[in-house]
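Asker: Below are the structure tokens for one structure; questions will follow.
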Amino acid sequence: MAALARLQEKLQRLQEEYFLTYRAIDEERKTKYKAAVRIQRWFRACRVRAYLRHLSKMAILIQKWWRGYLRRKYFREIVERAYFIKKLEFYNEMAVRIQKMWRGYYVRKYIHNFSALKRYLEAVSLNNEFVRSELQEYAEMKENEEKMKDLEKKEEEEKYQARKMHYLLSTAQIPGIYNSPLRKSPDPMELLLRKSKPLTHRKQKMGSSLADELYCWPTCEKPPAFVTTLPLLPAPRQKPQGPFRDPGEVLRQRYKPLEPTLRVRESMNSPPAKAREATGREEWRSPIHDNKEVTVLCPIDFCHFLHITKMLRNMSHQFVTQANMAEKPMEQNISEK
Amino acid sequence: MSLRLAYSAVSGRGCVKISVVCLLRPLLLDVIPSVRQTVALALGRLADHDVEMAEAVVKAGILPQLICLLPEENRYYKKTAAFVLRAIAKHSPQLAQAVVQCGALEMLVVCLEDFDPGVKEGASWTFGYIARHNAELSQAVVDAGAVPLLVLCIQEPEIALKRIAASTLSDISKHSPELAQTVVDAGAIAHLAQMITNPDAKLKRQVLSALSQIAKHSVDLAELVVEAEIFPVVLTCLKDSDEYVKKNGATLIREIAKHTPELSQFIVNSGGVAALIDCIGSCRGTVRLPGIMTLGYVAAHSENLSMAVIVSKGISPLSACLIEEHEDHIKAAAAWALGQIGRHTAEHARHVATANVLPTLLDIFVDTRSSEDLKMKTKKALKNILQKCTYLPALEPLLHDAPPNIMKHVIGQFSKVLPHDSKARRLFVTTGGLKKVQEIKAEPGSLLQEYINTINNCYPEEIVRYYSPGYSEILLERVENYQPVL
């Protein structure tokens, strides 16, 4: 109870204190409230700011990481692209080099081959030289030929002149005009005259048709020697009386040349004749028939005898009345043989 | 007697001509063959003498009587009849047409089949004279079947017959490609080619002329001629002593060369160019002309061939031609040929320019006595060469006396070369070229002015001003206006 009494004493003081404190508190409540609000406001603001800061930091962090990631990805692409471009450029350059070399080679070899052109032009000039030299030789050869022809012609002319003037040759007594005694050696013309054969007179032309026919007789290469000296028959003033044949006909018949057979034409010394002669000797030595009388003629004459008889037989029917005349050409033929 | 008439008629030209013909006409049908022959000879000599006589003979209607019984006549009459026909036909195409119309061609073909070479010669000569005039008459000759017989005539041993047959074939084939083809189909080329080696000069003339007339029409014919292996035998003809053989040989090579580059190449390879150049160098006058034209054709085809011509020393004879010859057409041909050689590249133009050709060409161009054709050809040649020429020492002389249209090209070339070559610039100044350029007056805006500006831009301004005309006056004026500083 003491405590109670003390409390009751204190009560008053307590009540006063309570009242005073509560009045003080009441009086401070507003300021305290405002202060508390302020403090809380500030604190909340701090918190919010801290939170915002945090948020922004996080956002930054996220964005940073995201952007970094993006850029790195992009960077890789860039690098790849750059690498690719570098590679392409390198390849391009190499391709340009190859194409450059190839084009140079191709043009130089196929399109405009300068070395081949040079070689061709050299070959052309060589060939030209060759052709020129050949043509030169040909021209010289032609010139020489012409000169030779001219020389020969001149020589022929000189020889002909010498032959014509053969009478100018010097004799033993009289020196000719080209062999003057005052000269040391005879003139070349003199020597030419000595060498040349004198030109005969030109043969007289026989204009009559009779002689022409005689000359052009088909088988006759050379008429018998005496026919050339045969003069033209004098034209008969009057036809001679009597049954005479045409003189031309007569002459033709008379001077018809011999057309000997092959056997007759051969000479005595030709091999077939000798062979025949051999068989003749054989026959003489050992005749097949002993009955036949051996003729007096020796075998060598036998052939002649044969052909003489043949000739006689040929000519007999022509030369019936002129048997005498027929013997003359025969004799001549025999003498020739 | 009739010959005497003929002689008197020929000698006394004024006397009555037609009556002579009428007098002779009944004698043509005389019984004795020698009278007929003499009459024909008289007629031939009359007609040979001049045109009016020939017309009179034709008008009198003698020709059908002359040739009606020709196959049965002897060879002298055939020869004389052929002589009459050709004496008439040679004067003009109308007379030749009259000869053809009276049926002479068949009779002449009969003559060509005769054995006697004189008759064949007369007949082929007549064919030649008929075919010479124009293409229709040639076609008539071909239609009569003369060509195979002529080819047979060529193979005969007599030289005169060969000559005439070759000249007839030449006259037939010169008119058109079809006629030439007919001649070729008859196998003429092989025989003609064999005869090139014959020593007779006149025969070679005719043979070469025939081959060139065949080859000139088309590429195929030219190739056929070449395939007959005429090269290199033809080159010996170019060294012949006869001028006309050389000319015809050069003509043949020209006709072959002008068609295609391959044929020209072939000619160059066989050394034809060298032979031609020697030929040109050794001849004078019109004989040179085909050779010059051949060089021009060969050079025109391609630059390699042009270089081959240059290498074979072709430029010097051509420039010698330009200087020596008096005839305008030969000079024109030489100028054209030089233009063809020089127009390809700078190398070619340099070769042409170093041979000192450009001043000669310029002289000819400026000369008042040259004909229009010559001037035009020279101008073209100059233009072609100048457009490629970069060899400045050769261009210098041209600066001084060229007319404006040539000057333009010369200045153009300078303006192309000077910007790149400093030594050339120095030379240009020292030789007085820059001075000359300043003196040229050109319309502003023209091509010449542009060239001059390009040249002036190559040099510093002081030098250009120094060389401009009237600079000394300007300097003196400045001296006058100068106030000396005391």
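Asker: Give the residue that is modelled with the highest pLDDT, with candidates limited to residues of the stretch A:87-123 that are under 30 Å from residue B:267 (Cβ atoms) and of a type in the set (S, T, N, Q).
Answerer: A:115
Asker: Name every residue in the stretch B:351-396 that is within 19 Å of residue B:424 (Cα to Cα) and not in a helix (DSSP H, G or I), in order of residue number.
Answerer: Matches in the stretch B:351-396: B:389, B:390, B:391.
Asker: Next up: Given the conditions (1) more than 13 Å from every other protein chain (Cβ to nearest Cβ); (2) closer than 20 Å to residue B:377 by Cβ; (3) surrounded by 18 or more Cβ atoms within 10 Å (Cβ to Cβ), which single one is not true for residue B:327?
Answerer: The single condition residue B:327 does not satisfy is (3).
Asker: Given (1) more than 14 Å from every other protein chain (Cβ to nearest Cβ); (2) more than 28 Å from residue B:372 (Cα to Cα), identify the lone condition not met by residue B:264.
Answerer: For residue B:264, the failing item is (1).
Asker: Return a yes/no flag: does the stretch A:71-80 have any residue that is surrounded by fewer than 11 Cβ atoms within 10 Å (Cβ to Cβ) and under 30 Å from residue B:303 (Cα atoms).
Answerer: no
Asker: Residues of the stretch A:135-194 being surrounded by fewer than 10 Cβ atoms within 10 Å (Cβ to Cβ) and assigned to a helix (DSSP H, G or I), which ones? Please lay out each step first, then the result.
Answerer: Going residue by residue through the stretch A:135-194, those that are surrounded by fewer than 10 Cβ atoms within 10 Å (Cβ to Cβ) are A:167, A:171-174, A:181-182, A:184-185.
A:167 - this is the single residue of the stretch A:135-194 that is surrounded by fewer than 10 Cβ atoms within 10 Å (Cβ to Cβ) and assigned to a helix (DSSP H, G or I).
Asker: Quick one: would you say residue B:104 is of a type outside the set (S, T, N, Q) and buried (at least 20 other Cβ atoms within 10 Å of the Cβ)?
Answerer: Numbers: of a type outside the set (S, T, N, Q): yes; buried (at least 20 other Cβ atoms within 10 Å of the Cβ): yes.
Yes; evaluated as a whole, the condition is true for this residue.
Asker: May I ask you to say which residue of B:281, B:249 is in contact with a Leu (Cβ under 7 Å, 6 or more places away or on another chain), within 12 Å of chain A (Cβ to nearest Cβ) and in a helix (DSSP H, G or I)? Before the answer, list the steps.
Answerer: Numbers: B:281 fails: in contact with a Leu (Cβ under 7 Å, 6 or more places away or on another chain).
When all the criteria are applied, what remains is B:249.
Asker: Filter the stretch B:211-233 down to the residues that are away from chain A (no Cβ under 11 Å) and of a type in the set (Val, Ile, Thr), then identify the one that is nearest to the chain's Cα centre (by Cα). Steps first, please.
Answerer: Start the filter on the stretch B:211-233 by keeping residues that are away from chain A (no Cβ under 11 Å), which leaves B:211-230.
Those still in the list that are of a type in the set (Val, Ile, Thr) too: B:214, B:219, B:225-226, B:230.
On the way: B:214: 15, B:219: 19, B:225: 19, B:226: 20, B:230: 21 Å.
Restricting to residues being away from chain A (no Cβ under 11 Å) and of a type in the set (Val, Ile, Thr), the top hit is B:214.
Asker: A further question follows. From B:344, B:348, grab the single residue that is assigned to a loop (DSSP other than H, G, I, E, B) and in contact (Cβ under 8 Å) with a residue 40 or more places away in the chain. Full working, then the answer.
Answerer: Details: B:348 fails: assigned to a loop (DSSP other than H, G, I, E, B).
That would be B:344, the only listed residue that is assigned to a loop (DSSP other than H, G, I, E, B) and in contact (Cβ under 8 Å) with a residue 40 or more places away in the chain.
Asker: Just one of A:120, A:74 is hydroxyl-bearing (Ser, Thr, Tyr), at the interface with another protein chain (Cβ under 10 Å from one of its Cβ atoms) and over 30 Å from residue B:241 (Cα atoms); which is it? Write out each step before concluding.
Answerer: Values: A:74 fails: at the interface with another protein chain (Cβ under 10 Å from one of its Cβ atoms).
Unique residue meeting the criteria: A:120.
Asker: Additional query: Has the stretch A:134-152 got at least one residue that is away from every other protein chain (no Cβ under 14 Å) and of a type outside the set (A, V, I, L, M, F, W, C)?
Answerer: Yes - at least one qualifying residue is present in the stretch A:134-152.
Asker: Can you tell me which residue among B:346, B:353, B:337, B:333 is surrounded by 23 or more Cβ atoms within 10 Å (Cβ to Cβ) and over 22 Å from the mean Cα position of the chain (by Cα)?
Answerer: Values: B:346 fails: surrounded by 23 or more Cβ atoms within 10 Å (Cβ to Cβ); B:337 fails: over 22 Å from the mean Cα position of the chain (by Cα); B:333 fails: over 22 Å from the mean Cα position of the chain (by Cα).
Exactly one of B:346, B:353, B:337, B:333 is surrounded by 23 or more Cβ atoms within 10 Å (Cβ to Cβ) and over 22 Å from the mean Cα position of the chain (by Cα), namely B:353.
Asker: Of all residues being surrounded by fewer than 19 Cβ atoms within 10 Å (Cβ to Cβ) and within 24 Å of residue A:119 (Cα to Cα) in the stretch B:312-324, which is farthest from the other protein chains (Cβ to nearest Cβ)? Just the residue, please.
Answerer: B:316
Asker: Then there's this: Give the residues of the stretch B:303-328 that are part of a helix (DSSP H, G or I) and of a type in the set (Ser, Thr, Tyr), sorted by residue number. Please lay out each step first, then the result.
Answerer: The first filter runs over the stretch B:303-328 and keeps only residues part of a helix (DSSP H, G or I), leaving B:303-311, B:315-324, B:328.
Once the filter is applied, which keeps residues that are part of a helix (DSSP H, G or I) and of a type in the set (Ser, Thr, Tyr), the stretch B:303-328 yields B:306, B:316, B:319.
Asker: How many residues does the stretch B:398-415 contain that are surrounded by 15 or more Cβ atoms within 10 Å (Cβ to Cβ) and assigned to a helix (DSSP H, G or I)? Walk me through how you get there before you give the answer.
Answerer: Step one: of the stretch B:398-415, the residues surrounded by 15 or more Cβ atoms within 10 Å (Cβ to Cβ) are B:398-399, B:402, B:406-415.
From what's left, assigned to a helix (DSSP H, G or I): B:398-399, B:406-415.
Result for the stretch B:398-415: 12.
Asker: Scan the stretch B:256-267 for residues that are assigned to a helix (DSSP H, G or I) and surrounded by fewer than 24 Cβ atoms within 10 Å (Cβ to Cβ) and jot them down.
Answerer: To start, the set of residues in the stretch B:256-267 that are assigned to a helix (DSSP H, G or I) comprises B:256-257, B:261-267.
The answer is B:261, B:262, B:263, B:265, B:266.
Asker: Sticking with this structure for a sec: Which condition breaks for residue B:300 when tested against (1) in a helix (DSSP H, G or I); (2) within 12 Å of another protein chain (Cβ to nearest Cβ)?
Answerer: That leaves (2) as the condition not met.
The values are calculated or read from the model by the stated rules, or taken from the named source; none is laboratory data. Not measured: the values here are computed from a predicted model. Every residue, glycine as well, gets a Cβ built from its backbone with ideal geometry; the counts of neighbours run over all protein chains shown.
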